[in-house]
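Notes to accompany the following structure.
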Amino acid sequence: MSLDLKPAVDKILSMSPKRPRIGLVLGSGLGPVVDAIENQIVLDYNQIPGFKKTSVEGHSGSLIRGTISGVEVAVMQGRVHFYEGHTLDEVVFPARVMASLNLDALILTNASGGINSKYRPGEIVMIKDHINLTGNNPLIGPNKNEWGPRFPDMTYAYNPEIRAQFQNVAKQLKIDLKEGNYVGVSGPTYETPAEINMFRIVGGDMVGMSTVPEVIAAHHMGAKVAALSCVSNMAAGMTSDKLDHDDIKDVALLGVETMKKLLIGFIEQLGKK
């Protein structure tokens with residue numbers, strides 16, 4: 001695919017004369033967060049050059065411009081995944097576009113399986129780091145020097161300042177916002193109990209099939225990135241239950257209100273600066 005970001009960037013900026021300060025990517029079951037957006041202008045992904053149509057239930061495939069607490073936002077309602085047969089360039093193209101919007105912060109969200117036994121379904125966990133076990137990397141291939149360095153440092157891929165701001169908001173709202181390491185896998189199969197046990201041994205707290213490539217691509221381009229994960233189920237072998245996407249999507253809805261409160265609180269705090 002073409003890696004020309006400009007047509008997509010221009011299309012998104014043409015939706016409103018004001019620059020978006022916050023970019024949000026909403027994962028499985030978390031689409032209702034858009035209810036908090038005022039003055040909505042909606043574009044289907046097929047109207048944005050380079051964006052691919054979503055196919056997974058719980059990912060509606062729309063980009064929404066508007067305001068939350070008076071702050072301009074650009075919100076992706078759903079994403080495409082590597083397991084759907086897309087190339088990694090296609091998967092991370094929207095993240096690269098968002099990184100090109102000169103945002104104050106890019107916030108990614110997802111639904112994940114809990115590996116840490118202290119987590120409970122419906123809880124929101126802030127990702128502090130990731131373990132990339134997808135077997136791939138979106139930066140493989142020729143490097144575009146105008147985007148970022150050939151060998152980007154990943155020490156602070158999840159921006160410490162933004163994480164601290166979220167923790168401050170969580171404290172004010174009396175929300176127990178845990179932090180953990182996210183294990184990124186390719187899917188589409190859910191993991192085996194043996195794999196989950198391995199992930200736990202190497203330091204994983206939750207597991208999912210998205211986010212990691214997007215973080216790598218956006219961080220490479222200099223975006224300030226943070227990520228929130230809704231623990232939608234305990235991972236394979238943690239309980240005797242079998243995993244089902246419909247159940248996971250339904251449980252993710254339990255975390256929507258908490259996710260919404262955290263995001264609104266963070267955006268309100270940003271609006272005061």
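The values are calculated or read from the model by the stated rules, or taken from the named source; none is laboratory data. Being a predicted model, the structure only gives us computed values, none of them experimental. Cβ: placed from backbone, ideal geometry, glycine included. Neighbour counts: every protein chain shown.
Listed by position, the strands (runs of 3 or more DSSP E) inside the range 1-104 whose residues that are hydroxyl-bearing (Ser, Thr, Tyr) and more than 19 Å from residue 225 (Cα to Cα) number at least 2 are 62-68. Does residue 22 satisfy the criteria of being under 19 Å from residue 101 (Cβ atoms), at pLDDT 95 or above and in contact with a helix residue (DSSP H, G or I) (Cβ under 9 Å, 6 or more places away or on another chain)? Yes: the conditions hold for residue 22. When each of 227, 164 is tested for being in contact with a Leu (Cβ under 8 Å, 6 or more places away or on another chain) and either assigned to a loop (DSSP other than H, G, I, E, B) or on the phi < 0 side of the Ramachandran plot (or both), the lone residue that passes is 227.
Pick from the range 28-83 the residues that are under 25 Å from residue 187 (Cβ atoms) and either of a type in the set (Val, Ile, Thr) or touching a Cys at 6+ places or on another chain (Cβ under 6 Å) (or both): which of them is surrounded by the most Cβ atoms within 10 Å (Cβ to Cβ)?
Step by step, filter the range 28-83, then rank; the result is 75.
Taking the conditions (1) closer than 30 Å to residue 145 by Cβ; (2) without any contact (Cβ under 8 Å) to a residue 40 or more places away in the chain; (3) loosely packed, with under 12 Cβ neighbours inside 10 Å in turn, residue 17 satisfies each one other than (1).
Look at the range 176-216 and say how many of its residues are among the aliphatic types (A, V, I, L, M) and more than 13 Å from residue 134 (Cβ to Cβ). Break it down into steps so the answer makes sense when it comes.
Here is the first cut: in the range 176-216, the residues among the aliphatic types (A, V, I, L, M) are 177, 183, 185, 194, 196, 198, 201-202, 206-207, 209, 212, 215-216.
Among the residues that remain, those that are also more than 13 Å from residue 134 (Cβ to Cβ) are: 177, 194, 196, 198, 201-202, 206.
Within the range 176-216, residues that are among the aliphatic types (A, V, I, L, M) and more than 13 Å from residue 134 (Cβ to Cβ) number 7.
Of all residues in the range 175-224, which are within 22 Å of residue 118 (Cα to Cα), in a loop (DSSP other than H, G, I, E, B) and either under 13 Å from the mean Cα position of the chain (by Cα) or hydrophobic (A, V, I, L, M, F, W, C) (or both)?
If the condition is that a residue be within 22 Å of residue 118 (Cα to Cα), in a loop (DSSP other than H, G, I, E, B) and either under 13 Å from the mean Cα position of the chain (by Cα) or hydrophobic (A, V, I, L, M, F, W, C) (or both), then 175, 177, 185, 202, 209 are the ones that fit.
Which residue pairs have Cβ atoms under 9 Å apart, sit 6 or more places apart or on different chains, and have a first residue in the range 160-178 that is under 18 Å from residue 120 (Cβ atoms) and a second that is in a helix (DSSP H, G or I) and among the aromatic types (Phe, Trp, Tyr)? Listed pairs, sorted by first residue: 177/166.
Just one of the numbered conditions (1) in contact with a helix residue (DSSP H, G or I) (Cβ under 8 Å, 6 or more places away or on another chain); (2) at pLDDT 95 or above; (3) of a type in the set (Lys, Arg) is not true of residue 52: (2). If you go through the range 91-103 and keep only what is within 18 Å of residue 186 (Cβ to Cβ) and in contact with an Asp or Glu (Cβ under 9 Å, 6 or more places away or on another chain), you end up with 91, 92, 95. Just to be sure, is residue 117 at pLDDT below 95, of a type in the set (S, T, N, Q) and assigned to a strand (DSSP E or B)? The answer is no for residue 117.
Looking at the range 239-248, can you tell me whether even one residue there is surrounded by fewer than 19 Cβ atoms within 10 Å (Cβ to Cβ), modelled with pLDDT of 95 or more, polar (S, T, N, Q) and not in a strand (DSSP E or B)?
In the first step, residues of the range 239-248 are kept if they are surrounded by fewer than 19 Cβ atoms within 10 Å (Cβ to Cβ); the result is 239-247.
Remaining after also requiring modelled with pLDDT of 95 or more: none.
No, every residue in the range 239-248 fails to be surrounded by fewer than 19 Cβ atoms within 10 Å (Cβ to Cβ), modelled with pLDDT of 95 or more, polar (S, T, N, Q) and not in a strand (DSSP E or B).
Okay, residues lined up against (1) basic (Lys, Arg); (2) in contact with a Gly (Cβ under 9 Å, 6 or more places away or on another chain); (3) in contact (Cβ under 8 Å) with a residue 40 or more places away in the chain:
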position: 43; (1), (2), (3): no, no, no
position: 85; (1), (2), (3): no, no, no
position: 90; (1), (2), (3): no, yes, yes
position: 100; (1), (2), (3): no, no, yes
position: 121; (1), (2), (3): no, yes, yes
position: 124; (1), (2), (3): no, yes, yes
position: 145; (1), (2), (3): no, no, no
position: 148; (1), (2), (3): no, yes, yes
